[in-house]
Amino acid sequence: MRFSSYALAAIAADLIAAMPRPQDIDLDMVEAAPDPTYTEILGLTAQVVTYDTTAILAEATAAITSASAAVTDVLSGTAMVSKRDITSYSEMSYSTNASSTLDPKSNLWVAVTPTPIAVDKRDLGARAACTALPTGIAAYALSADTASDFRANSSWASIASQAPVPSGYVNTVLNAAGANSAYGYLGYSNLASYDTNACAAKCSKAVGCMAFNIYFERDPSVDPGTGSSGCANPSSVVYAKCVLWGGPLTIANAVNKGQMRNQFEIAVAGSNAYQNNSLTIPAGYTLKAAYNNVAINAPYDAQGYNTFITSTIFTKGPFNIQLCADYCSAQTQYDLANPAADGTPPKVCNFFNTYILYKNDASSPQGQYCAIYTEVWSDSYAVNSGQNRGSDRYFIGYSYTFANSSSPGVAPKIGDNNGAIYQARQDMTYFPSQLTSTFQPFCSSVLGYSVPTVSATALTTTSPVVTTTLYSTTTAAANAKRQASSLSTPNVLTKYPASVVSRACSLIATSPTVTSTITAATSTITAAVQTFTYTSVTTVAAAPTACTVQYSTPFSIQGSCGAGKLCNIAQGAGNQGTCAQCLSDNYLCHYDSDCCNPSLHCVPYPDAVFGFCQ
């Protein structure tokens, strides 16, 4: 198990700043997940590794109920159910202690690795020294019996180079000196000869097999045992091995050149690899692109909205696009069924990118990575080739993107306006101290809120033998919107258009309450004279008389006229206007929406100054 070295303070610093790439590879999660591992059982005729696909798919979606947005998306995420554990991943280990059995049909020794379960790891091929192992191919036996002689034999290169490419496959490695060590190990078989079509047939029948590796291997004729076993360096046999994989095979991961067993050296030659050229498309999704070694690196959309939802990594079984599709669908279903109490719209998964993530070299896969989004991003954003952490380099392979077939969502160039508004509110309210010290004053400035000065004057008049009641009425001016904000925009809000910031501010800022303080008047009472002083303070709305209109796209009002009024621009007056009454009963409105009821919004007509309330 690996852990993250990120400090909480660093994360908090990221939260308060605008995040340029909110969907960076979550290396904390990757490092916390166990490495995908497999055990090749030596000395058998075949090893079969199977996985319970139903269980894997169920596990792929099990964490959805307790997982939503990553820590780095706290500010930008919407409809967060809860912060997911930074070590969230999907992992399953398969049995490595299955015994070898004699197949009555083929009369071959076969190791069957059952459905993945957590068990103690031990050497499956452990047996007594000098125990006879499966016989090799007699036609391939060499008189000069050393590993060097085996590798120098030109026959292996000739056979490998002339091997036919099976139908439905493409050749990715030709006559390499090493076998592939890749992702999604599915077992091996010893063939009767170096037969690429026979190996392809086994791959096509195996669930999850995407590629196969066929090669010549020098192996011991009996078990070498350990130490002075008496069989430390026995004579050799040659196998034609067919190894099945659930991930891509390339020359970069053809690195297994053999190993030592006691004093006997296992060697590899004539290694070819073939990739299945078909791809299973999950139901309900459309393949958008195949990128191979790059992934999507999406910016914020046109409204400043973070379309990235979350990510996960699978470290079990073969590469399976259905895993990511199910993860995407389950996230949507959960968010729709559990809406946020504050009205934040749920994040609907309409797009995902899945790929194999490697660490330092192609023979060290970390698992199948899955990143999901609310919007479909084009090829121009497929620019993420990996990330560095310290001296380690994480890079990408076998990358594909898919879109929801029935609902691709809003286009990023238009952007999610409503989502951006609530996201901006989340940006401002996440840290209470920042809300009080920074965002509320800023929003008051944006909205033009200021506390008016209210005064009350008490008047006293005395008159002999007369009771006089006096009233003093003071009218206090109501809030008036300013022409422009006097405060600079906080960094975290710079990614949003002004209209989004204004709407978000209206969700967190309210007009200040006017408090009037009345000082009791002094009453002078002489003989038979009574004086009563009453002072009342009435606050009425004093609407602004001037406003400014910006006609360029998007249309905006720099000075609002308040409820029930709109900005009236006289012909030839440029962009300066005066405040006037609304035109008709909240149905016709100005783009600043001031003429709409509080529950309605002003929807402008195309290319027009006015709109209608809805």
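The values are calculated or read from the model by the stated rules, or taken from the named source; none is laboratory data. Small disclaimer: the values here were computed from a predicted structure and weren't measured. Cβ: placed from backbone, ideal geometry, glycine included. Neighbour counts: every protein chain shown.
Only one of the listed residues (331, 303, 368) is over 15 Å from the mean Cα position of the chain (by Cα), among the polar types (S, T, N, Q) and buried (at least 20 other Cβ atoms within 10 Å of the Cβ). That residue is 303.
Quick check on my filter: what residues within the stretch 205-216 are out of contact with any Gly (no Cβ under 7 Å at 6 or more places or on another chain) and surrounded by fewer than 24 Cβ atoms within 10 Å (Cβ to Cβ)? Residues satisfying the conditions are 205, 206, 207.
Please work out if residue 280 is surrounded by fewer than 24 Cβ atoms within 10 Å (Cβ to Cβ) and over 20 Å from the mean Cα position of the chain (by Cα). It would help to see each step written out before you state the result.
Values: surrounded by fewer than 24 Cβ atoms within 10 Å (Cβ to Cβ): yes; over 20 Å from the mean Cα position of the chain (by Cα): yes.
Here the answer is yes, as residue 280 does meet what is asked.
In the set (1) surrounded by 17 or more Cβ atoms within 10 Å (Cβ to Cβ); (2) modelled with pLDDT of 95 or more; (3) under 29 Å from residue 36 (Cα atoms), the condition left unmet by residue 412 is number (3). The set of residues in the stretch 338-376 that are of a type in the set (Asp, Glu) and out of contact with any Asp or Glu (no Cβ under 7 Å at 6 or more places or on another chain) comprises 342, 361. For the stretch 128-139, the count of residues that are modelled with pLDDT under 95, assigned to a loop (DSSP other than H, G, I, E, B), under 45 Å from the mean Cα position of the chain (by Cα) and surrounded by 14 or more Cβ atoms within 10 Å (Cβ to Cβ) is zero.
Restricting attention to the stretch 180-208, the residues that are under 23 Å from residue 159 (Cβ atoms) and outside any strand (DSSP E or B) total 16. Taking the stretch 257-277 as the range and being of a type in the set (S, T, N, Q), more than 17 Å from residue 201 (Cβ to Cβ) and surrounded by 19 or more Cβ atoms within 10 Å (Cβ to Cβ) as the test, only 271 passes. Scanning the stretch 329-360 for residues that are at pLDDT 95 or above and not in a loop (DSSP other than H, G, I, E, B) returns 351, 352, 353, 354, 355, 356, 357, 358, 359.
Return yes when residue 192 is exposed (fewer than 15 other Cβ atoms within 10 Å of the Cβ), modelled with pLDDT under 95 and among the small types (Gly, Ala, Ser) and no when it is not.
On the way: exposed (fewer than 15 other Cβ atoms within 10 Å of the Cβ): yes; modelled with pLDDT under 95: no; among the small types (Gly, Ala, Ser): yes.
So residue 192 fails the test.
Test residue 329 against the stated conditions and say whether it is small (Gly, Ala, Ser) and free of Cβ contacts under 8 Å to residues at least 40 places away in the same chain. So residue 329 fails the test. Scan the stretch 203-226 and give yes if some residue there is of a type in the set (Lys, Arg) and within 30 Å of residue 352 (Cβ to Cβ), otherwise no. Within the stretch 203-226, one or more residues are of a type in the set (Lys, Arg) and within 30 Å of residue 352 (Cβ to Cβ). Of all the numbered requirements in (1) touching a Ser or Thr at 6+ places or on another chain (Cβ under 6 Å); (2) free of Cβ contacts under 8 Å to residues at least 24 places away in the same chain; (3) charged (D, E, K, R), residue 218 misses one, and that requirement is (2). The selection criterion, being surrounded by fewer than 19 Cβ atoms within 10 Å (Cβ to Cβ) and either assigned by TED's automatic domain parsing to the domain that holds residue 292 or among the basic types (Lys, Arg) (or both), holds for residue 322. Residues that are assigned to a loop (DSSP other than H, G, I, E, B), within 30 Å of residue 414 (Cβ to Cβ) and among the charged types (D, E, K, R) do not occur anywhere in the stretch 306-324. Looking only at residues of the stretch 283-299 that are hydroxyl-bearing (Ser, Thr, Tyr) and buried (at least 19 other Cβ atoms within 10 Å of the Cβ), we find that the one that is nearest to residue 210 (Cα to Cα) is 291.
To keep it simple, each residue is scored yes or no on (1) part of a helix (DSSP H, G or I); (2) under 16 Å from the mean Cα position of the chain (by Cα); (3) not small (Gly, Ala, Ser).
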position: 375; (1), (2), (3): no, yes, yes
position: 393; (1), (2), (3): no, no, yes
position: 398; (1), (2), (3): no, no, yes
position: 407; (1), (2), (3): no, no, no
position: 410; (1), (2), (3): no, no, yes
position: 413; (1), (2), (3): no, no, yes
position: 419; (1), (2), (3): yes, no, no
position: 436; (1), (2), (3): yes, no, yes
